[in-house]
Amino acid sequence: MISASNALQGALVAKLNESSLFTGVYHDAPARALFPYAVVNCSDERDWSCVGRSGREISLQLVLWDEQPSRLLTREGDAEFLLQALDAGLAWHLSTFVLTGKRRSRNPGGPWSCTLEFRARLIEQENGASE
Amino acid sequence: MSLPLRGSDCVLRICDPGTSSSFVLVEGVRLSSWKILQEQVAVTDGGDEGWRRLLPGAGLRSLELAFSGMYLGSIGEHLLRDKAFRGESVECALTLDEGTAVRGRFIALSLSFEAMVNDEATYAATLRSAGAVTID
């Protein structure tokens, strides 16, 4: 079975790629990419199981990069809205996907970035439970 | 060899004999506990030198199950909810491990739901035995 973090990352990348908000979605900071682009990282994962079902709680960071701050501001709002309708697929059910933090920064002379932090809770899909 | 009992092995199944003979799992449970309640019958007298004396085998016993978890909307949770609303008893089987189960009819003393925005809805229930309980 696909892991919860794989399912979540896959769903998120697919969702962002469906839109034309970013030139690309990457799992690591690319050496050369056209702005605006996004970088996804699932950093922490912990058990979130209950009787009869496996569960995972995953901390996920989405870092958006752009050289135009006003465009970045629009794209981050659009991305946030898009991700409200995230579906983790057949193996895992995305129970909640909550924004836990958001911050903007800029390296001197470099591009702007916006880091969106989410807490995702996934539970494995139902597999029957009668005696 | 004795081994620790895993919490995930403690599962509660319930059955409504009026409609079905099969037990269904109460899903979403994260914490479960049970305790035997025994009424005391004191037979202390002057010869006990100030120490309380209890009569063995006397007094009423009951068993209380308490559990809480995440509400998944499963068949077992719905059955429990419906029984609690009607104040009816339900047949319960609490499995402690592969070979031990506590069985009997129980009535919900309390059933509560809690739903916080941006979080999963949770529930908690306390069941009290409504007749003889067996452990085997």
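For this structure, a couple of remarks:
- Among (1) open to solvent by 30 Å² or more (accessible area, probe 1.4 Å); (2) in contact with a helix residue (DSSP H, G or I) (Cβ under 8 Å, 6 or more places away or on another chain); (3) in a loop (DSSP other than H, G, I, E, B), the one test that A:LEU21 misses: (1)
- Pick from segment B:1-58, criterion of a type in the set (Gly, Ala, Ser), assigned to a loop (DSSP other than H, G, I, E, B) and within 14 Å of another protein chain (Cβ to nearest Cβ), ranking: surrounded by the fewest Cβ atoms within 10 Å (Cβ to Cβ): B:SER21
- Scanning segment B:78-108 for residues that are out of contact with any helix residue (DSSP H, G or I) (no Cβ under 9 Å at 6 or more places or on another chain) and open to solvent by 80 Å² or more (accessible area, probe 1.4 Å) yields B:PHE85, B:ARG86, B:ARG103, B:ARG105.
- Summed over segment B:109-123, the residues that are surrounded by fewer than 16 Cβ atoms within 10 Å (Cβ to Cβ) and at negative phi give a count of 10.
- Top-ranked residue of segment B:60-73 - restricted to ones that are surrounded by fewer than 19 Cβ atoms within 10 Å (Cβ to Cβ) and out of contact with any helix residue (DSSP H, G or I) (no Cβ under 9 Å at 6 or more places or on another chain), ranked as farthest from the other protein chains (Cβ to nearest Cβ): B:LEU60
- Residues that are under 10 Å from B:CYS15 (Cα atoms) and not small (Gly, Ala, Ser) within segment B:73-99 comprise B:LEU79, B:LEU80, B:VAL90, B:GLU91, B:CYS92, listed in sequence order.
- Of everything in segment B:124-133 that is more than 14 Å from chain A (Cβ to nearest Cβ) and open to solvent by less than 70 Å² (accessible area, probe 1.4 Å), the residue that is farthest from the chain's Cα centre (by Cα) is B:GLY131.
- Close contacts from segment B:48-60, counting a first residue that is of a type outside the set (Lys, Arg) and a second that is open to solvent by less than 80 Å² (accessible area, probe 1.4 Å) and outside any strand (DSSP E or B), with Cβ to Cβ under 6 Å and a gap of 6+ residues or different chains, come to B:LEU55/B:VAL41; B:LEU55/B:VAL43; B:ALA58/B:VAL41; B:GLY59/B:VAL41.
The values are calculated or read from the model by the stated rules, or taken from the named source; none is laboratory data. Treat the numbers as computed from the prediction; the structure is a model and nothing was measured. Note that each Cβ is placed from the backbone with ideal geometry, even for glycine, and that neighbours are counted across all protein chains shown. Please note that ligands, DNA and RNA were not included when accessible areas were found on the heavy atoms of the full protein model with its side chains. Shrake-Rupley method; radii C 1.70, N 1.55, O 1.52, S 1.80 Å.
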